[in-house]
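A short write-up of the structure that comes next.
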Amino acid sequence: MRGWRNLSIRARLHWGASAVLLTFFCLAGLAVQGVYSEHLRNSHFERLHSAIYMLIAITELDAKGRLALPSSIAEPLLSVPHSGLYAQIDNPTQRELWRSPSAQSLPQLPLSSLQTGVWQHRTLRLAGRDYLSTEYQVRWNIGQQSQNLRFMVLEDTQRFAAQLAQFQRALWGWLAAAALCLLLAQVLLLRWGLWPLRRLEAELAAIENGSQKQVNGVYPREIAPLATRLNRLVEQEHARQQRYREALGDLAHSLKTPLAILRAEQDNADPIAYRQTLAEQVTRMDHIVQHQLGRAALRGQASLAPVLALKPIAERLIASMQKVHAQRNLQFALYCDDLLQWSIDEGDAFEMMGNVLDNAGKWAKTRVELHLQASRRELIITIADDGSGFVDTQAPLQRGIRLDERVAGHGIGLSVVADIVQAYQGHITLGHSALGGASVMLTIPDPR
């Protein structure tokens with residue numbers, strides 16, 4: 001069983017199609033053979049019918065009701081011993097039995113009960129040989145009287161068997177030749193049909209060894225989506241590696257200044273001032289590390305993300321924001337369909353909506369609203385507040401830019417959100433809300 005599971009697609013298709021093909025030819029051959037055998041048997045019985053009609057035509061009864069047949073018979077095989085065709089006429093009224101010259105060497109033929117005017121066909125076995133038998137009974141009138149005559153004609157099955165064997169040899173020979181040709185055609189068709197997969201495998205190997213950057217071939221529509229998704233995966237992997245490289249470089253560069261300050265303060269004689277500087281720089285380095293880790297951990301794998309129910313996530317975020325901003329007594333409202341789902345990573349969803357909701361909570365006066373709606377092609381997330389709004393709709397998206405130093409923060413929240421949205425090939429729009437404050441709209445297209 002394990003060996004069958006390890007078979008290649010080509011081997012599975014080949015063996016499966018071959019089994020179906022051979023089964024079909026065997027069943028078709030048996031069906032044709034059965035039909036031909038029945039047809040051949042019926043044709044032989046028709047020949048025996050003709051022989052009986054001929055015997056009825058030449059049979060006469062004398063005045064005493066005894067059989068009177070001519071010395072010569074129109075069917076020459078009935079006059080030749082061991083010819084394979086034999087006849088018998090039974091006159092039970094006169095206890096008389098006539099047998100053709102060809103039947104003289106046969107044992108007495110068994111008689112069966114017959115109805116007048118009804119044909120009876122059967123296969124008899126006499127002296128170790130099989131015979132096709134046809135019997136027919138007629139009512140013969142002699143003046144005012146009538147009597148029954150029973151006609152019986154037998155044929156040796158050797159001729160029938162020889163004809164059937166000849167047909168079988170021809171039938172199975174042609175079927176075998178046709179099956180062989182179809183199996184060969186099947187191998188060629190499978191090779192041609194699976195060629196795009198072999199080409200895709202070669203391209204993936206080239207991507208793996210670095211000789212090409214993406215899948216470039218034109219593929220059938222059944223494989224084209226796979227090639228497209230593989231290209232997305234490769235692009236996302238390259239982007240992820242690039243983000244990690246950039247994050248490490250940015251982290252190293254960003255830590256230079258705090259480390260230089262700490263190094264310069266080592267000789268500070270005032271321990272209180274040194275501890276204050278140390279605390280400030282440690283806090284700053286912590287913020288820098290968190291920011292760079294947030295950038296490096298961007299998932300953005302929309303094409304591989306599972307379908308996620310968004311309302312439970314939004315409800316959890318609203319509950320968290322109410323606790324964070326409990327002292328300001330803000331109202332957080334959620335507008336989202338209960339069945340809304342989208343293909344997005346759960347961590348990305350928390351990061352995007354959480355950052356924007358937190359910013360809105362810092363600037364809002366009394367109310368923050370979260371709207372989620374989706375169409376066939378895109379998901380739209382809108383966060384609105386009744387704060388002072390944006391003076392500049394571009395500056396907040398730049399890293400490290402803070403619109404008001406009096407409000408807690410580091411100026412990186414919206415930039416992280418913008419990076420996540422961009423990873424999903426979406427866009428972020430800053431504007432003014434109907435509540436009188438700021439509005440942040442995140443548009444994420446359907447990755448499928």
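Every read-out reported here was derived from the displayed coordinates using simple, explicitly stated rules and does not represent laboratory data. Predicted model only: the values in this text are computed from it and were never measured. FYI the Cβ positions are ideal-geometry reconstructions off the backbone, even for glycines, and counts take in every protein chain you see.
Here the stretch 10-88 is treated with +1 on each Lys and Arg Cβ and -1 on each Asp and Glu Cβ, and its dipole about the Cα centre works out to around 480 debye. With a sphere of radius 15 Å drawn around the Cβ of ASN329, what net charge do the other residues whose Cβ falls strictly inside it have (Lys, Arg +1; Asp, Glu -1)? Net of charged neighbours comes to +3. In this structure, ALA63 and GLN33 have a Cβ-Cβ separation that, at R0 = 56 Å, corresponds to a calculated FRET efficiency of about 0.55. With contacts taken as Cα pairs under 8 Å and at least 6 residues apart, the stretch 14-126 reaches a relative contact order of 14 percent.
Scanning residues 5 or more positions from ILE344 or on other chains, those with amide H under 5 Å from its amide H are LEU308, with H placed 1.01 Å from N in the peptide plane.
Using a Gaussian network model of the chain whose springs link C-alpha atoms within less than 10 Å, name the residue from ASN231, ASN141, ASN329 with the highest mean-square fluctuation. Between ASN231, ASN141, ASN329, it is ASN141 that shows the largest mean-square fluctuation. Just name one of GLY16, LEU414, LEU126: the one whose Cα is farthest towards the positive end of the charge dipole of the chain (beta-carbon charges, Lys/Arg +1, Asp/Glu -1). Checked the options; the winner is LEU126.
Given a Förster distance of 25 Å, report the FRET efficiency between SER43 and TRP172 from their Cβ-Cβ distance, rounded to the nearest 0.05.
Once rounded, the FRET efficiency stands at 0.75.
Using bins of 20 Å that start at zero, the share of Cα-Cα pairs per bin across the chain amounts to 16, 24, 15, 12, 13, 13, 5, 1, 0, in whole %.
With the alpha-carbon atoms as the only input, what is the per residue convex hull volume for the stretch 153-240 in Å³?
Values: hull volume 12.1 nm³, N = 88.
About 138 Å³ per residue, rounded to a whole number.
Residues TYR53, TYR244, TYR219 in ascending order of nearby Cβ atoms (within 10 Å, fewest first): TYR53, TYR244, TYR219. With contacts taken as Cα pairs under 8 Å and at least 6 residues apart, the stretch 54-194 reaches a relative contact order of 18 percent.
Segment ALA162..VAL307, full-extension length gain: 45.1 nm, with 0.36 nm per residue of separation and the alpha-carbon distance subtracted. Amide H to amide H distances under 5 Å link THR93 with ASN148, where only residues 5 or more positions off or on other chains count and H is placed in the peptide plane. Simple point charges give the picture: +1 on the Cβ of Lys and Arg, -1 on the Cβ of Asp and Glu, and for the chain a dipole about the Cα centre of about 1320 debye.
Based on C-alpha pairs under 8 angstrom that are at least 6 apart in sequence, the chain has a relative contact order of 9 percent. Projecting the Cα atoms of MET54, SER105, MET285 onto the charge dipole of the chain (Cβ charges, centred on the Cα centre) puts SER105 farthest toward the positive pole. Averaging Cα coordinates gives a centre for the stretch 421-448 and one for the stretch 207-238; these two points are 29 Å apart.
Tell me, how many Å apart are the Cα centres for the stretch 91-147 and for the stretch 340-381? Answer, in whole Å: 100.
In order along the stretch 118-135, phi translates into HN-Hα couplings of 10, 6, 10, 10, 7, 10, 10, 10, 10, 6, x, 10, 9, 9, 8, 10, 10, 10 Hz, rounded to whole numbers, per the Karplus curve 6.51 cos²θ - 1.76 cosθ + 1.60 with θ = phi - 60° and x for Gly and Pro. The calculated FRET efficiency for the pair THR366 and ARG263, based on their C-beta separation and a Förster distance of 35 Å, comes to about 0.15. Comparing GLN158, GLN322, GLN242 in a Gaussian network model of the chain where C-alpha atoms under 10 Å apart are linked, the largest mean-square fluctuation is found at GLN158. Ranked for footprinting exposure by Cβ neighbours inside 10 Å, fewest first, TYR424, TYR274, TYR131 give TYR274, TYR131, TYR424. In the chain, helices alone account for a calculated mean residue ellipticity at 222 nm of -17000 deg cm²/dmol, with every DSSP H run of four or more residues adding -39,500 (n - 2.57). Ranking of PHE151, PHE160 by neighbouring Cβ atoms within 10 Å, starting from the fewest: PHE160, PHE151.
Sequentially through the stretch 142-149, phi angles give Karplus couplings (6.51, -1.76, 1.60; θ = phi - 60°) of 10, x, 8, 10, 9, 8, 8, 10 Hz, Gly and Pro residues having no value and appearing as x. Extension gain, LEU190 to GLN290: 0.36 nm times the residue separation minus the Cα-Cα distance gives 30.6 nm.
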